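Here is the structure we will look at.
Nothing in this text is a laboratory measurement; each read-out follows from the coordinates by a stated rule. Worth saying up front: this structure is predicted, and the values here are computed from it rather than measured. With ideal geometry, Cβ positions are generated from the backbone for all residues, glycine too; neighbour counts draw on all protein chains shown.
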Amino acid sequence: MDLTHRPRRLRRNAPIRSLVRETLLAPQQLIYPLFVTEGKGLREPISTMPGQHRLSVDELVKECQMAYELGIGAVNLFGYSTEKDDKATNAYDPQGLVPRTIRAIKAALPDFCVQTDVALDPYTIHGHDGLVVGEEIVNDKTVEVLCKMAVSHAEAGADWIAPSDMMDGRVGAIREALDASGFEQVSILAYTAKYASCFYGPFRGALDSTPKKGDKKTYQMDPANWREALREADLDIYEGADVIMVKPALGYLDVITRLREAFDVPIAAYNVSGEYAMICAAAEKGWIDQERAMMEALLSIRRAGADMILTYFAPAAARRLQQHTISFS
Ligand code: PBG
């Protein structure tokens, strides 16, 4: 038996393993999604996402300060609207909840990267990401509203706009609208391969945005498809996306890898609410170790090829990474 090559030699102890570790995880690669709600001094627990809260603006600024000090790369804001209508009027109000939140964060932390979600679902009574006419989620009329929403966020100081709606042509239209208003420095983080996934369930509980009728399969992607993700990426990059995203992350690691191989732009992955909730629930039952599961999941997403990860675990993972100089041991 020829045992000249013994891979176990490089696994003998922690310092050796860390020398040959191929993938690292760092707090600055994490993006922390936050939910903002009207009011003051509010931290409303989200029952479907243990440890996550809907925060009033003042509390959210405190959460950002904590995230900033932990070295987390950015926050991504979602507005919780109770004033829903069929035109999503609240989505693009320049004095609306999200613009006010951006201003408050920027006043406290001018150089912290603030990203905002752009989609209509928190603001529509029907819970769809676009306007509904008859049975149809209409594309081009929705894109007009998304553009107004994006500009209202940029005016308030958002660094990155993140359209999560999956309408066709919205990246190009938003790019044009931003540029026309003098915001050519504002980036677009495009939800490029966003799948029609059941793993968004806990998030919809958080925003009270479950579609009242139908599903999102006419705009979000079929979980069976990966070639279509390449097509979506082609279009988004052509239209001006600065960063492309795959969502969810853990069931779609192959898609992350294929996009990584095919394109040079930075890639984000969204470790979504259902992925978060599964780990929390299994840990609560004592079936898995929450901290280790969290680190293994995040590292796997990085190994697949993601540059940055949106994750509700951001503060917990950043704390863990601060305590251990070896990033995963
Ligand atoms: C909707 C949106 C969703 C998420 C982010 N933006 C839900 C959906 O598409 O129904 C999901 C995030 C998560 O599950 O953590 N525009």
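Of the beta bridges DSSP finds with both residues in segment 1-108, what % are antiparallel, to the nearest 5?
Taking every DSSP beta bridge within segment 1-108, about 25 percent pair in antiparallel fashion.
In whole angstrom, and with the biggest value first, how far do the Cα coordinates of segment 25-73 range along each principal axis?
Cα extents, longest axis first: 33, 23, 11 Å.
In degrees from 0 to 90, rounded to the nearest 10, what is the angle of the helix 273-284 Cα long axis to the longest principal axis of the chain?
So the helix axis and the longest Cα principal axis differ by about 50 degrees.
Can you give the local net charge around L109? Use residues other than it whose beta-carbon is closer than 15 angstrom to its beta-carbon, Lys and Arg +1, Asp and Glu -1.
On the way: positive: K62, R103, K106; negative: D58, E59, E63, E69, D111, D159.
Every neighbour counted, the sum reads -3.
So for the pair I125, R43, with labels modelled 7 Å out along Cα→Cβ, what separation do we get in nm?
Spacing of the two 7 Å Cα→Cβ label points: 3.6 nm.
Where in segment 40-73 does the amide nitrogen come within less than 15 Å of the point 7 Å from the Cα of A108, taken along Cα to Cβ?
The answer is 40-44, 53-72.
For the pair A14 and T82, what calculated FRET efficiency results from E = 1/(1 + (r/R0)^6), where r is the Cβ-Cβ distance and R0 = 35 Å, to the nearest 0.05?
Step by step, r from the Cβ atoms, then E = 0.10.
Taking the Cα centre of segment 96-245 as origin, sum charge times position over the Cβ atoms of Lys and Arg (+1) and Asp and Glu (-1), and report the length of that vector in debye to the nearest 20.
Using only the charged Cβ atoms, the result is roughly 520 debye.
Relative to the present Cα-Cα distance, how much length would full extension add between E291 and E155 at 0.36 nm per residue of separation?
That pair, E291 and E155, stretches by 45.1 nm at full extension.
Suppose each label sits 7 Å from its Cα in the direction of the beta carbon; what would the M278-D208 distance come out to in nanometres?
2.9
Spelling out what I want: for every residue of segment 170-177, take phi, set θ = phi - 60°, compute 6.51 cos²θ - 1.76 cosθ + 1.60 (Karplus), and round to whole Hz; glycine and proline get x.
Residue by residue, segment 170-177 yields 6, 5, x, 5, 5, 4, 5, 5 Hz.
State to the nearest 20 debye the size of the charge dipole of the chain about its Cα centre, where the only charges are +1 on K and R beta carbons and -1 on D and E beta carbons.
Charge dipole, the chain, about its Cα centre: 1620 debye, nearest 20.
Once the convex hull of the alpha carbons of segment 123-177 is built, what does its volume come to per residue, in cubic angstrom? Intermediate results must be reported in sequence, preceding the final value.
On the way: hull volume 4.2 nm³, N = 55.
Hull volume normalised by residue count: 77 Å³.
Report, to two decimal places, the Cα Rg of segment 11-114 normalised by 2.2 N^0.38 Å (N = number of residues).
1.39
Give the residue from N271, G172, I102 lying farthest towards the positive end of the charge dipole for the chain; charges sit on Cβ (+1 for Lys and Arg, -1 for Asp and Glu) and the dipole is referred to the Cα centre.
N271
Taking 0.36 nm per intervening residue step and subtracting the Cα-Cα distance, what contour gain separates M66 from E228 on full extension? Display every interim value, and only then the final one.
Numbers: separation 162, 0.36 × 162 = 58.32 nm, distance 3.87 nm.
This chain segment gains 54.4 nm when fully extended.
Binning at 5 Å from 0, report for segment 160-281 what percent of all alpha-carbon pair distances ends up in each bin.
2, 11, 21, 22, 19, 14, 8, 3, 0, 0
Suppose we look only past 29 Å in the calculated P(r) of the chain. What percent of the Cα-Cα pairs does that tail hold?
I get 36 percent for the Cα pairs in the chain exceeding 29 Å.
Only Lys, Arg, Asp and Glu count, each charged at its Cβ (+1, +1, -1, -1), so figure out the dipole size of segment 1-72 about its Cα centre, rounded to 20 debye.
760
By count of other Cβ within 10 Å, fewest leading, how are W160, W226 ordered?
Values: W160 20, W226 15.
Final ranking by Cβ density, sparse to dense: W226, W160.
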